[in-house]
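Here the structure comes first, spelled out in structure tokens, and everything after it is commentary.
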Amino acid sequence: MKQGIHPENYRLVVFKDMSNDEVFLCKSTAETKDTIEYEGTEYPLIKMEISSTSHPFYTGKTKLVDTAGRVDKFMNKYKKFAK
């Protein structure tokens, strides 16, 4: 590897998937102010919206998003401005 281009401040960090509360521990340089107790030790905490434990590609499950309802709500709200 090229010398002097990689960060030196790697430490153990807990990553938590907020959609399913799955947690995993690995090394990272990401900064955070949150902490969590994991297996009896306190670690810095990084909160994520999605990970391999909740992503549809890895789980094989798809989420249904109600876009039609949002579009209808938008159209009704601004119908009065139509010419």
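Taking Glu31, is it at pLDDT 90 or above and surrounded by 10 or more Cβ atoms within 10 Å (Cβ to Cβ)? For Glu31, the condition - at pLDDT 90 or above and surrounded by 10 or more Cβ atoms within 10 Å (Cβ to Cβ) - is not met. Only residues that are under 15 Å from the mean Cα position of the chain (by Cα) and modelled with pLDDT under 90 were counted in the stretch 1-21, giving 5.
The values are calculated or read from the model by the stated rules, or taken from the named source; none is laboratory data. Note that the coordinates shown come from a computational prediction; the quantities given were computed from them, not determined experimentally. Cβ coordinates were reconstructed from backbone atoms using ideal geometry, including for glycine residues, and neighbour counts include every protein chain displayed.
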